[in-house]
1. Run down S113, S100 and say which single residue is of a type in the set (G, A, S) and more than 30 Å from E348 (Cβ to Cβ).
2. State which residue is most open to solvent (accessible area, probe 1.4 Å) when the search covers only the range 244-266 and only residues that are touching a Leu at 6+ places or on another chain (Cβ under 6 Å) and not hydroxyl-bearing (S, T, Y).
3. Quickly run through the range 366-402 and pick out the residues that are of a type in the set (A, V, I, L, M) and more than 21 Å from the chain's Cα centre (by Cα).
4. Of everything in the range 58-80, what is outside any strand (DSSP E or B) and either modelled with pLDDT of 95 or more or on the phi < 0 side of the Ramachandran plot (or both)? Give them in sequence order.
5. Which residues, counting only those in the range 199-213, are crowded, with 17+ Cβ neighbours inside 10 Å and farther than 24 Å from D294 by Cα?
6. Among what's in the range 84-121 and is of a type in the set (S, T, N, Q) and closer than 30 Å to R149 by Cα, pick the residue that is nearest to the chain's Cα centre (by Cα).
7. Which of the residues spanning the range 351-402 are under 18 Å from Q24 (Cβ atoms), outside any loop (DSSP other than H, G, I, E, B) and not aliphatic (A, V, I, L, M)?
8. So, N235, is that one farther than 16 Å from I197 by Cβ, touching a residue at least 40 places away in the same chain (Cβ under 8 Å) and not small (G, A, S) or not?
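The values are calculated or read from the model by the stated rules, or taken from the named source; none is laboratory data. From a predicted model like this one, the values you see are computed outputs, not experimental measurements. Cβ coordinates were reconstructed from backbone atoms using ideal geometry, including for glycine residues, and neighbour counts include every protein chain displayed. Side chains included, ligands, DNA and RNA excluded: accessible areas come from the protein's heavy atoms. Shrake-Rupley method; radii C 1.70, N 1.55, O 1.52, S 1.80 Å.
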Amino acid sequence: MRGGQDGARAPVLQFTNCRILRGQALLREDLWVREGRVLDPEKLFFEERRVADERRDCGGCILAPGFIDVQINGGFGVDFSQATEDVGSGVALVAQRILSHGVTSFCPTLVTSPPEVYHKVLPQIPVKSGGPHGAGVLGVHLEGPFISREKRGAHPEAHLRSFETNAFHDVLATYGPLDNVRIVTLAPELGRSHEVIQALTARGICVSLGHSVANLQAAEEAVQSGATFITHLFNAMLPFHHRDPGIVGLLTSDRLPPGRHIFYGMIADGTHTNPAALRIAHRAHPQGLVLVTDAVPALGLGNGRHTLGQQEVEVDGLTAYVAGEPPAHPSSRGIQESGCCSVELALEAASLHPAQLLGLEKRKGTLDFGADADFVMLDDSLHVRATYISGELVWQAEAARQ
């Protein structure tokens, strides 16, 4: 129970000797937490006449909102697109392991699969709050099967689908109930896609554009119908061209509905996106950048063959590719080394922006007063020192080394 007399009696935690990320700045302030929420200390002092029950010295570290990953296909040997008998235990394992990366909330992502996989898997991944057991589940991201054959990437061609006459009915027949779904990636050039976009957004589901050969006009029309996100910008879409920039052109389009904000996911690993392209996108539309991992089930494992949905992928060092196909050439540079933006903006791209995309910015992705006290403690090199959910320590580097 929060608020009222019970809330006033609850213990107050004060995190000191830290720099808090607020409003694109690192502020030398203390962070106050009570009952899992960020507390306004002035109200505590002047209205309740109280001080902290416990103080924790942060050793000069950065306190940033917990990271939110809206595109993660699995990890640590768990493949979210595999219809196992106990999908929930796999999700729980990933949720627990990603705490060490500062992730406090995520969207388990399913790649293109046959309908029977969706029908079996989706009911087993409910929305769930985070805690000592692991990061919170915000809802499932369905990437496919309504995507372009030409830009399918690692998605199996045999299971791709287009929209039939009764388009949204086809969506329901493919996925089953949408109760646990938060994001759907589709190709906007597919016939009847606009009625599907409108139907999904009417149900509070975020529609993302990706794996597509859409031109700019088709992309703009999709945004006018309700789409708000671009799945891994530059990857699996038409390349930028000065006569028709395609989906990439949404970053500077002047034909979007008034007040409509477009977000775009980027994999800042230096392999999927050249650092120069990352800088171009960020400078064109900095407030739309959402950092994603697009992690595969091989995350945390060694080289060799692993699954990704209905296909096998080969892992070789920092590179993962569909087994039997040539690999891309990896680069060790990420968003820090790209010179894309400041530390403050990079941290917001991993926390505030995905929260805004999902309409959760009042609770997640921020350390403003009243928000959930989900945060990550980082050193100056941005190594994760500790992760907190609802003000509770759920992972600590020192404990992990013991």
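1. Only one candidate qualifies: S113.
2. By that ranking, first place goes to D244.
3. Those that are of a type in the set (A, V, I, L, M) and more than 21 Å from the chain's Cα centre (by Cα): L393, A397, A399, A400.
4. Of everything in the range 58-80, those that are outside any strand (DSSP E or B) and either modelled with pLDDT of 95 or more or on the phi < 0 side of the Ramachandran plot (or both) turn out to be C58, G59, G60, C61, G66, N73, F80.
5. Hit for the range 199-213 is A199, nothing else.
6. T109
7. H353, P354, Q356, F375
8. Here the answer is yes, as N235 does meet what is asked.
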